[in-house]
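Colleague: Could you have a look at this structure, given as structure tokens, before my questions?
The values are calculated or read from the model by the stated rules, or taken from the named source; none is laboratory data. These figures come from a predicted structure and were not determined experimentally. Positions of Cβ are generated from backbone atoms using ideal geometry, with glycine treated the same way; all protein chains shown enter the neighbour counts.
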Amino acid sequence: MARTTGTYRTGKVAGEEVRAFLPYPLPPKRPVLRIEGKLAEVHADAVAAITRLEVAGSMVPSPDWFLYGFVRKEAVISSQIEGTQATLEDIVTYEVTKKSERPADVEEVCNYVDALTSGRRELSSPKGLPLCTRLLCALHKILMTGVRGSEKQPGIIRKSQNWIGGSRPGNARFVPPPHTEVAEALAALEKWIHSDDPLPPLVRAGLAHVQFETIHPFLDGNGRIGRLLVSLLVEHWNLLSSPLLYLSLGFKRQQQEYYRRLDAVRSMGDWEGWTAYFLDCVRESADDGVTTAQRLFALVGTDRRKVFDHRTATLTSARLFELLPEHPILTLAKTMELLGATKPTAGKAMETLRHASILEEITGKKRDRIYAYRAYLDVLAEDTGTVPG
Ligand SMILES: Nc1ncnc2c1ncn2[C@@H]1O[C@H](COP(=O)(O)OP(=O)(O)O)[C@@H](O)[C@H]1O
Ligand SMILES: [Mg+2]
């Protein structure tokens with residue numbers, strides 16, 4: 001389907017002629033986007049997969065049971081799309097040990113988790129910010145704080161022309177709107193998010209993502225904030241009651257297609273093609289989440305029996321075991337804190353879980369030892385290996 005989705009502004013950057021793209025406000029028009037035929041089927045499949053994910057998330061004792069791992073999985077994969085090398089285990093280990101020096105890659109992923117947490121807090125509290133440009137700037141500030149992002153103007157809408165692909169705006173694959181137009185374009189996006197457009201909310205979350213990427217309001221971090229926006233919208237529009245969907249998995253598996261689909265919206269007005277792609281990524285990620293949840297659930301069931309059957313099992317070791325899904329990496333100090341127990345009691349509980357082959361010591365050191373619930377982390381970390389090259 002061909003339609004025009006914006007206009008080009010010709011201007012000069014460093015003496016060179018540049019054609020910057022200014023998108024029309026959402027929703028897609030002339031013709032309007034219709035969710036019918038094949039698209040309606042893909043949409044129904046995606047919504048059904050999300051519903052299964054919601055059910056999977058509700059079958060466990062604590063609502064935060066999968067949330068801890070799944071949010072971190074999303075943070076790792078979304079950052080990997082942008083080249084981060086940190087692994088899920090790096091992040092979880094860092095969160096427990098809080099070593100003073102924090103590698104930049106780990107910092108980026110931890111910031112992503114913090115930004116998502118902060119966004120959810122704002123949206124759910126009566127005095128918090130609504131979904132608006134100010135909120136996105138606040139989240140960008142959290143995301144970019146630290147070593148690598150500090151020259152990237154954290155929290156600030158860009159004051160210069162940027163570009164995607166190529167070495168300068170003049171030879172870029174895509175040149176987003178001139179910086180003077182960004183505030184207005186974002187205001188229009190915000191207004192549309194709060195309007196009552198009849199398109200289904202999941203489709204709208206996908207459109208909002210493209211629009212955000214096309215505006216590219218920051219000097220860096222646009223991909224991550226744009227994906228975080230989807231996570232927030234999916235929860236805000238009640239498609240899921242917590243951010244269990246690690247959507248970036250679908251984008252990462254079909255990464256070249258992701259860029260092609262974004263391009264095709266601008267160049268051919270192909271909102272239908274984007275929407276089919278986006279919904280397919282949602283379905284794939286949600287299905288993966290369901291499978292992962294089932295496997296983790298089964299694993300914990302089997303391992304729980306191992307704890308009960310162990311001859312040195314105590315109430316404390318049973319309690320510690322139940323905490324593992326939210327704390328798959330532990331130190332003695334962390335265990336003492338979690339259990340509110342003395343060193344000997346905490347140490348004994350950890351020993352029981354180690355003898356039952358549930359916890360494994362991963363440093364090989366005598367001091368500052370770190371213990372991992374390896375089998376659990378292995379299931380959770382699937383598809384989060386860093387991409388070679
Ligand atoms: N051709 C394109 N049109 C619009 N957006 C694109 C295009 N290619 C890539 N993008 C978006 O730009 C993001 C990268 O922008 P960037 O500001 O570097 O974000 P981050 O620092 O999070 O990587 C990609 O993840 C994608 O969402
Ligand atoms: Mg980047």
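Colleague: Could we say that ARG283 is modelled with pLDDT of 95 or more, within 17 Å of the chain's Cα centre (by Cα) and more than 16 Å from ligand 1 (Cβ to nearest atom) here?
Modeller: yes
Colleague: Right, here's the next one. Just to be sure before I move on: is TYR246 under 30 Å from ARG19 (Cβ atoms) and either modelled with pLDDT of 95 or more or away from ligand 2 (no atom under 16 Å from the Cβ) (or both) in the structure I sent?
Modeller: Spelling it out, it is not the case that TYR246 is under 30 Å from ARG19 (Cβ atoms) and either modelled with pLDDT of 95 or more or away from ligand 2 (no atom under 16 Å from the Cβ) (or both).
Colleague: Could you please let me know if SER195 is touching a residue at least 12 places away in the same chain (Cβ under 8 Å), polar (S, T, N, Q), assigned to a loop (DSSP other than H, G, I, E, B) and more than 14 Å from ligand 1 (Cβ to nearest atom)?
Modeller: no
Colleague: In addition: What are the residues in the range 213-229 that are touching a residue at least 24 places away in the same chain (Cβ under 8 Å) and out of contact with any Ser or Thr (no Cβ under 9 Å at 6 or more places or on another chain), if any?
Modeller: GLU213, ILE215, HIS216, PHE218, ASP220, GLY221, ILE225, LEU229, listed by residue number.
Colleague: Is it true that some residue in the range 249-265 is away from ligand 1 (no atom under 16 Å from the Cβ) and buried (at least 18 other Cβ atoms within 10 Å of the Cβ)?
Modeller: Scanning the range 249-265, I find no residue that is away from ligand 1 (no atom under 16 Å from the Cβ) and buried (at least 18 other Cβ atoms within 10 Å of the Cβ), so the answer is no.
Colleague: Going by the structure shown, is LEU202 part of a loop (DSSP other than H, G, I, E, B) and either on the phi > 0 side of the Ramachandran plot or among the aliphatic types (A, V, I, L, M) (or both)?
Modeller: no
Colleague: Now for a different question. Residues LEU262, LEU245, LEU279: which one is in contact with a strand residue (DSSP E or B) (Cβ under 9 Å, 6 or more places away or on another chain) and either β-branched (Val, Ile, Thr) or closer than 19 Å to SER78 by Cα (or both)?
Modeller: LEU262
Colleague: Residue by residue through the range 205-219, note down the ones that are surrounded by 21 or more Cβ atoms within 10 Å (Cβ to Cβ) and either within 16 Å of ligand 2 (Cβ to nearest atom) or not hydrophobic (A, V, I, L, M, F, W, C) (or both).
Modeller: Once the filter is applied, which keeps residues that are surrounded by 21 or more Cβ atoms within 10 Å (Cβ to Cβ) and either within 16 Å of ligand 2 (Cβ to nearest atom) or not hydrophobic (A, V, I, L, M, F, W, C) (or both), the range 205-219 yields GLY206, HIS209, GLN211, PHE212, GLU213, THR214, ILE215, HIS216, PRO217, PHE218.
Colleague: Identify all residues within the range 34-77 that are within 16 Å of ligand 1 (Cβ to nearest atom) and either at pLDDT below 95 or not hydrophobic (A, V, I, L, M, F, W, C) (or both); write none if there are none.
Modeller: GLU74
Colleague: So which of GLN80, GLN85 is within 16 Å of ligand 1 (Cβ to nearest atom), at pLDDT 95 or above and assigned by TED's automatic domain parsing to the domain that holds TRP271?
Modeller: GLN80
Colleague: Something else now. Taking helices (runs of 4 or more DSSP H) that do not extend beyond the range 79-172, which have at least 3 residues that are in contact with a Cys (Cβ under 8 Å, 6 or more places away or on another chain) and more than 16 Å from ligand 2 (Cβ to nearest atom)?
Modeller: Answer list for the range 79-172: 88-97.
Colleague: I'd like to check which helices (runs of 4 or more DSSP H) are fully inside the range 249-336 and have at least 1 residues that are within 24 Å of GLY57 (Cα to Cα).
Modeller: 271-309, 315-323
Colleague: Taking the range 220-248 on its own, how many of its residues are near ligand 1 (Cβ under 9 Å from one of its atoms), in a loop (DSSP other than H, G, I, E, B) and surrounded by fewer than 24 Cβ atoms within 10 Å (Cβ to Cβ)?
Modeller: 1
Colleague: Just checking, which of VAL203, VAL210 is closer than 18 Å to GLU82 by Cβ and under 19 Å from the mean Cα position of the chain (by Cα)?
Modeller: Of VAL203, VAL210, the one residue that is closer than 18 Å to GLU82 by Cβ and under 19 Å from the mean Cα position of the chain (by Cα) is VAL210.
Colleague: Here is a follow-up. Among the listed residues ALA346, ALA381, ALA333, which satisfies the condition of being modelled with pLDDT of 95 or more, within 29 Å of the chain's Cα centre (by Cα) and among the aliphatic types (A, V, I, L, M)?
Modeller: ALA381
Colleague: Scan (1) charged (D, E, K, R); (2) touching a Lys or Arg at 6+ places or on another chain (Cβ under 7 Å); (3) within 14 Å of ligand 1 (Cβ to nearest atom) for the single condition GLU213 breaks and write down its number.
Modeller: Just one mismatch for GLU213, condition (2).
Colleague: Also: Condition test on ALA298, is it crowded, with 16+ Cβ neighbours inside 10 Å, modelled with pLDDT of 95 or more and of a type in the set (A, V, I, L, M, F, W, C)?
Modeller: no
Colleague: Still on this structure: Taking the range 329-351, which residues are touching a Lys or Arg at 6+ places or on another chain (Cβ under 8 Å) and either surrounded by 22 or more Cβ atoms within 10 Å (Cβ to Cβ) or over 18 Å from ARG374 (Cα atoms) (or both)?
Modeller: MET336, LEU339, ALA349, listed by residue number.
Colleague: Would you check which residues across the range 347-389 are part of a loop (DSSP other than H, G, I, E, B) and of a type in the set (D, E, K, R) and list them?
Modeller: Passing the criteria: LYS365, LYS366, ARG367, ASP368, ARG369, GLU382, ASP383.
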